[in-house]
Amino acid sequence: MAAVAERSTKERLFSVLDDLEVLSRELIEMLALSRSQKLPQPGEDVQILELLVQRDREFQDLMEVARQQGKVHQEMQLLEKEVEKRDSDIQQLQKQLKEAEHVLATAVYQAKEKLKSIDKARKGSISSEEIIKYAHRISASNAVCAPLNWVPGDPRRPYPTDLEMRSGTLGHMANLPTNGVNGHLPGDALAAGRLPDVLTPHYPWQSSDISVGMLPPHHSNDFGLEPPGHNKENEDDVEAMSTDSSSSSSDSD
Amino acid sequence: MTPSCDVKYMRLKAAMAVVQQKLEKEREECSLLPLVHDIIKCMDKDSQDVHQELAKLKTKIQEAREQIANMPGIDSSPVDQQQQLATLREQVRTKNQLLQKYKSLCMFDAPKAS
């Protein structure tokens, strides 16, 4: 009985249809035979007829079941389409989530980097007042900008002096000697009378590590404290170099 | 019962009768007994139409076979089919819930589940 329940409706329909075909043929043959032989066999043909009617009813019931299954099949197809649609929606959402994850990961990384730099800045904090003071100092000697009324021949310089170039990071990187370079240009920084003042104070961002690390041991980084003309031996070289640097800065202009 | 309700009831009854008739007709269309009956009648009358009626029966059986072969959704038993249907419904329900959950969670544009 369980095996019958497991069989598909199609198989059962074919089976019942085969039975119907066989039974109807048998019945007709039997009737034809009985008519030709004039031998009535009342019991057997009635039995076959009953079986035929029973199978016919079964066939009709199964056809009805098959129609219902057809409707259910339609519903299932609709549901399958729905499932496919939901699947594509979920895949799209998954894609968006991946993108969001990527964006968030980048943002978190950048935020961490920012926090690191904030922390670093806090550790080596510099007061804005000092920066402004320094800015005043370097601009007062016309090291960053020429005076408004500057004309060629004006002793006030519109460019950094050789000494200032040497004291900067670039100068340190090039490992240039900084000793005794004052007074190399007649009447520029000295004429302004502020050069030693500019370089004298030590600011926190003027990393002593750099100058110490980059300069050879015999070079001191407190060149600003040395009196002008301290190293007479190098004076001529410096003169030549400052001329070079001034000419190069002119070239660059 | 108001007259309008009465009219509605009568219409419904008529519609149901039509459906019933249609179903009966369909059942009759499936049945082979009328054809077998016609054959037996012809045999009783010794009519020459018996061969024609036999051919009709044969054709009817053949048509029924073709119809069965082309019927959709009968490759499984009704019980199995109901199970498949339940599984599909469950899938749709689960996926709907999942989408609903995502939609309530996320802050970005989610596709509209229609």
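All of the numbers you see were taken from the coordinates with simple rules; none came from a lab. All values reported here derive from a predicted model rather than from experimental measurement. Using ideal geometry, Cβ is built from the backbone for each residue, glycine included, and neighbour counts are taken over all protein chains shown.
What is the percent of Cα-Cα separations in the range A:128-172 that go past 14 Å?
57 percent
What are the equivalent ellipsoid semi-axes of the range A:46-180, built from the alpha-carbon gyration tensor (square roots of five times its eigenvalues), in whole angstrom, biggest first?
97, 17, 14
Given a cut-off of under 8 Å on Cα pairs at least six residues apart, what relative contact order in percent is computed for the range A:128-172?
Answer for the range A:128-172 is 28 percent.
Mind listing P(r) for the range A:9-124? All alpha-carbon pairs, 5 Å bins, whole percents.
All Cα pairs considered, the percentages come to 2, 9, 9, 8, 7, 6, 6, 5, 5, 4, 4, 4, 4, 4, 3, 3, 3, 3, 2, 2, 2, 1, 1, 1, 0, 0.
Fewest first, what order do A:D154, B:D38, A:D162, A:D87 take by the number of other Cβ atoms within 10 Å?
With the sparsest Cβ surroundings first, the list reads A:D87, A:D154, B:D38, A:D162.
Which whole-number percent is the relative contact order of the range A:9-124 (Cα, under 8 Å, 6+ apart)?
Relative contact order here is 29 percent.
Hey, fewest Cβ within 10 Å first, where do A:H102, A:H73 land in order?
Fewest-to-most Cβ neighbours within 10 Å comes out as A:H102, A:H73.
Can you check what the Kirkwood hydrodynamic radius comes to for the range B:25-94, Cα pairs only, in Å to one decimal?
One decimal place: 15.2 Å for the Kirkwood radius.
Which Cα, out of A:M76, A:S88, A:V65, lies furthest along the positive dipole direction of the range A:9-124 (beta carbon charges, K/R +1, D/E -1)?
Sorting the options by dipole projection puts first A:S88.
A:K114: which lysines have alpha carbons under 23 Å from its alpha carbon, excluding same-chain residues fewer than 8 sequence positions away?
A:K123
Would you tally the net charge around B:A15, using a Cβ to Cβ cut-off of less than 14 Å, leaving B:A15 out, and scoring K and R as +1, D and E as -1?
Charge balance in the 14 Å sphere: +4.
For each of B:D75, A:D56, B:D44, count neighbouring Cβ atoms within 10 Å of the residue's Cβ, then give the residues from fewest to most.
B:D44, B:D75, A:D56
Which net charge results for the neighbourhood of A:Q69, defined as the other residues with beta-carbon distances under 12 angstrom from its beta-carbon, given Lys and Arg at +1 and Asp and Glu at -1?
Net charge around A:Q69: 0.
In whole Hz, with x marking every Gly and Pro, tabulate ³J(HN,Hα) for the range B:37-44 from phi via Karplus 6.51 cos²θ - 1.76 cosθ + 1.60, θ = phi - 60°.
4, 4, 5, 4, 4, 4, 5, 5
Summing Lys, Arg as +1 and Asp, Glu as -1, what charge do residues with Cβ under 15 Å from the Cβ of B:I39 carry, B:I39 excluded?
Net local charge, B:I39 excluded: -3.
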